[in-house]
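Let me begin by presenting the structure, written as structure tokens, before commenting on it.
Every read-out reported here was derived from the displayed coordinates using simple, explicitly stated rules and does not represent laboratory data. Only a predicted model underlies this, so the values are computations on that prediction, with no experimental measurement involved. Cβ atoms come from the backbone with ideal geometry, glycine included; neighbour counts cover every protein chain shown.
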């Protein structure tokens with residue numbers, strides 16, 4: 001099933017609430033979300049499949065042991081290693097897998113597809129499985145190919161759910177492989193639905209119909225903007241609670257007078273605009289980090305002290321611009337702490353926060369973040385490569401630029417080990433690729449010991465260590481092999 005709709009209409013909420021219902025009925029629900037600009041291949045699918053591993057690992061000992069036994073029978077440790085590289089927790093089932101040999105890398109992608117399908121099929125033989133992948137419009141090529149493979153395999157007791165922004169994703173990329181795909185388009189609320197929603201949240205009260213009409217005019221029925229406008233109305237004094245169990249009291253004049261800006265429907269942007277200019281600059285820097293970040297990440301991105309950033313975080317939490325999550329990604333009570341994570345309440349909030357930043361300011365922020373992530377080691381290597389690829393373009397040649405190109409090479413090598421061939425080539429990431437191509441000395445592209453430039457995967461395997469000697473043809477302009 002593919003769920004589509006405009007930003008803020010409630011796609012993610014619908015999918016997650018559905019997942020809660022699936023889990024409560026004894027099913028296995030795996031959820032993953034693609035992040036805008038994320039460099040880690042298979043990130044959302046790895047997150048979703050990791051949820052399957054955690055769920056089955058928490059079942060009764062009999063079911064858990066039988067599931068693990070079936071996995072061991074279906075795949076060897078070396079075969080499972082292709083999947084363990086991207087699925088957290090799977091190494092606990094198979095142990096540390098042996099490293100793939102260089103001549104096996106050409107088959108890595110297909111091996112990954114096979115073992116992923118086997119793991120899902122085995123899990124679905126024990127319990128119904130729902131795999132939900134959110135924000136498909138930002139999915140990498142490899143993830144889309146793996147999704148198509150899972151769909152074409154037609155695994156029993158498996159439901160796959162994908163969510164994407166309307167008009168920003170071509171559903172035939174994954175749905176073209178099978179006709180058994182339902183599509184659900186979410187639409188904004190009507191005036192009557194807005195009135196019903198406000199009555200449930202705030203109670204009845206006089207004049208609610210006129211208030212609902214004003215909400216609809218201002219938001220177009222978008223649930224995200226309705227939530228932001230409701231908070232804005234409370235802040236402005238347009239909504240007061242008379243007492244416990246009593247209906248809310250609305251002041252329509254105050255609500256109408258709170259409108260500001262040339263585009264009144266952009267309530268999210270208005271909420272960001274309620275921060276001071278200095279605080280908006282900090283929030284814009286945080287929007288460059290990624291979807292989730294710690295207090296330490298936020299201080300580095302903003303280039304401010306932790307105390308200053310903590311104040312901005314608290315104001316943003318008060319405006320419902322940010323949420324607090326624990327290490328497992330679950331929302332928790334608002335707090336300022338070094339051991340929790342923060343994320344924007346919606347990607348539209350992050351977009352609004354970044355909108356006021358100049359390109360130079362964004363590059364400076366990305367450069368600071370990239371330097372910070374490099375110090376975190378390989379655990380944040382893909383993030384470091386992405387940020388340095390954006391922020392390092394303005395650096396002079398040599399020195400630090402060459403060191404950043406080495407980071408890009410390391411990320412490419414890690415992507416290769418995770419069976420993501422398109423990400424090995426700088427042509428797949430023009431920003432990071434420019435760092436590699438333009439850097440002096442041994443970091444020029446292509447490296448001397450890369451496989452041949454012909455277009456067949458068979459030749460890739462045959463020529464891995466022969467430095468193109470077995471190639472029958474060699475184009476004058478290097479072309480990265482195609483595996484589609």
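The packing ranking of peptides 65-72, 368-375, highest mean first, is 368-375, 65-72, where packing means the average number of other beta carbon atoms within 10 angstrom of each residue. Each Cα pair under 8 Å and six or more residues apart adds its sequence gap; the mean of these over the residue count of segment 121-221 is a relative contact order of 26 percent. Between the C-alpha center of segment 370-401 and that of segment 18-75 there is a gap of 32 Å. Thinking of segment 320-363 as a set of Cα atoms, what percent of all their pairs are more than 16 Å apart? Summing the P(r) tail past 16 Å for segment 320-363 gives 48 percent. Computed from the C-beta positions of residue 200 and residue 413 and an R0 of 60 Å, the FRET efficiency is 0.65 to the nearest 0.05.
With a Förster radius of 45 Å applied to the beta-carbon distance between residue 76 and residue 166, the computed FRET efficiency rounds to 0.55. A simple packing score, the average count of other Cβ atoms within 10 Å per residue, orders the peptides 10-20, 154-164 as 154-164, 10-20, with the highest score first.
Full extension of the chain between residue 141 and residue 65 gives 23.9 nm of extra length, using 0.36 nm per residue less the Cα-Cα distance. Extension gain for residue 213-residue 252 works out to 13.0 nm (0.36 nm per residue, less the C-alpha to C-alpha distance). Between residue 235 and residue 359, residue separation times 0.36 nm minus the direct Cα-Cα distance comes to 41.3 nm. A protection proxy built from the mean count of other Cβ atoms within 10 Å ranks the segments 43-52, 343-352, 185-194, most packed first, as 43-52, 343-352, 185-194.
For segment 272-357, the calculated P(r) over all alpha carbon pairs, in 10 Å bins from 0 to the bin holding the longest distance, is 20, 60, 20, 0 percent.
Spacing of the modelled spin labels on residue 339 and residue 25, each 7 Å from Cα toward Cβ, amounts to 3.8 nm. Under 1.5 on a/c is rounded, so check that first for segment 1-84, then, if it is not, pick prolate when a/b is larger than b/c and oblate when it is not; a ≥ b ≥ c are the square roots of the alpha carbon gyration tensor eigenvalues. The shape class here is oblate.
Expressed as a fraction of 2.2 N^0.38 Å, the C-alpha radius of gyration for segment 2-185 is 1.01.
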